[in-house]
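In what follows, a structure is listed as structure tokens, so that the remarks can point back to it.
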């Protein structure tokens, strides 16, 4: 699309300018000059003059039926030139086949002329030598190429050149219009003299992002269960069976205990089926037959059974004789031994984790929550409320949706968690679950199957990484207790349950389908408009200042709730605010939360990682945290 800029347009007070000097004494010679006209960056200007001329040779011997157009280029600060000094002819109006009598406005003729810019501006002048002339308008214009967005590329507004240039001199450098796009070559375009772009440049969406054209061209991050490994403008693909999107959604990795035949992203992952064992014992002699299962995930070809004979010798040594082992079943035999080792190690790890759970969660059985004391002050004394315990076998982990230095959050499905019965019908855990159930039913987050016990609710599960230490485990346990005793609020991430009797300490929380606020805002940067007007209540289609104010209000409500509990968050940032269903803001990550019940301030006494980028100066230098430092 070409752009045309009107630099100057003359209209006369009476609607037109007339001159007709028919004197018989001598040939007339008069000038009409414009004011100074700046080029304003234009390389060439186009002049269009609308006029009519009367046929007048029969009226006066000096009457002319043409006029000349002159121009003088100069700087703005120079003195105004007087025609003809410094002026040169640029066009002549000499129409043919003029009609007799006074011309009408419908007989208007247009004179075209152009000027190449050499100085800061110019003057126009008309030489009248007896013409009967009517001027209707003078238009001075230049062409430019407007901002252009082809295939995720942005070219800036560019003034058209005076002449079309062939080669690198006339090329304009573009850039990718989306921060999640990348080019594989230089982005070059040419702006023509008529204000039209010529280019074949394009940008490609980075791995983990797909190309969308509606409502605008952009690169959108792949969905929760999708990935894209290539640099191109293709759509994201759903992760194969048994895998989940890893890291920046650039690849799919197998779920724990699942494996691929070929290490390709588009291959499904399988879990090998356990072999069937048949035991036979006679005194000190035992015989074990291992029959491979028919379905072993496609990773091994099935073969015949393996028989193990165990004989106790005279020297009290155990001898194992394995017979019938083929090439593939030899591998199965090794796997079986490895499984035995892993099960033994798992049992030891489970006992160790259960000891930690007892150490940090048990508390004093006779202790009860005292509202006159701070949560943290009595946190270690308070016992873990077993009504929040949820069976780990009902938890179906799906994939990592966020991670930190020592912890990670996984998307999961919890079977029957909202209707899971607590031991006491008056239990706080049961009441809170029922309240959340009503809200989630309204928002259609969970899906019903046959009966309440089979209801699958999408949840977020927070757990520690393998390299986490004792201090990290303690922090997660304290976070769990804080969430239990803080209570429920619509603008914080609420607790749904916990798994403390498994290999991992797992904190089960509400799931926020739109991710964290930081990525949410970045993804809508291109459609943001600084206006209060809204035509749709959907931030995916329209994002305005009104949405930002509403988000800020909701975050303030959540922080007001925390402050009412005398609790300092210490790490309030957009990455720790999650966007729930219906775009409800929810403050999350209470890992650094501390209460300030007694003195309205908390002084950190231990060492550990802190978010320096977002910390207030008094917190950074003096380790002092108050309700104000959260703001």
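The values are calculated or read from the model by the stated rules, or taken from the named source; none is laboratory data. Here the structure is a predicted model, which means the values were calculated and not measured. Quick reminder, even Gly has a Cβ in these numbers, built from the backbone with ideal geometry, and neighbours come from all protein chains shown.
Below, the figures for the structure above:
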item	result
Exclusive hit being in contact with a strand residue (DSSP E or B) (Cβ under 6 Å, 6 or more places away or on another chain), touching a residue at least 24 places away in the same chain (Cβ under 8 Å) and under 30 Å from residue 81 (Cα atoms), set 189, 130	130
Residue 511 surrounded by 20 or more Cβ atoms within 10 Å (Cβ to Cβ), closer than 22 Å to residue 216 by Cβ and within 20 Å of the chain's Cα centre (by Cα)	no
Residue among 183, 202, 160 that alone is within 18 Å of residue 148 (Cα to Cα), surrounded by 13 or more Cβ atoms within 10 Å (Cβ to Cβ), out of contact with any helix residue (DSSP H, G or I) (no Cβ under 9 Å at 6 or more places or on another chain) and touching a residue at least 60 places away in the same chain (Cβ under 8 Å)	160
Criterion: in contact with a helix residue (DSSP H, G or I) (Cβ under 7 Å, 6 or more places away or on another chain) and more than 30 Å from residue 461 (Cβ to Cβ) - qualifying residue of 544, 531, 535	531
Test result for residue 578, at pLDDT 80 or above, surrounded by 14 or more Cβ atoms within 10 Å (Cβ to Cβ) and in a loop (DSSP other than H, G, I, E, B)	no
Residue match in the range 233-247 (condition: more than 30 Å from residue 516 (Cβ to Cβ) and at pLDDT below 85)	no
Test set (1) closer than 30 Å to residue 165 by Cβ; (2) in contact with a strand residue (DSSP E or B) (Cβ under 7 Å, 6 or more places away or on another chain); (3) modelled with pLDDT of 90 or more - residue 75 fails condition number	(2)
Of all residues in the range 123-158 being assigned to a loop (DSSP other than H, G, I, E, B) and modelled with pLDDT under 90, the one that is nearest to residue 55 (Cα to Cα)	132
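The rows are residues; the columns are (1) at pLDDT below 70; (2) over 27 Å from residue 244 (Cα atoms).
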residue: 373; (1), (2): yes, yes
residue: 383; (1), (2): no, yes
residue: 395; (1), (2): no, no
residue: 445; (1), (2): yes, no
residue: 451; (1), (2): yes, yes
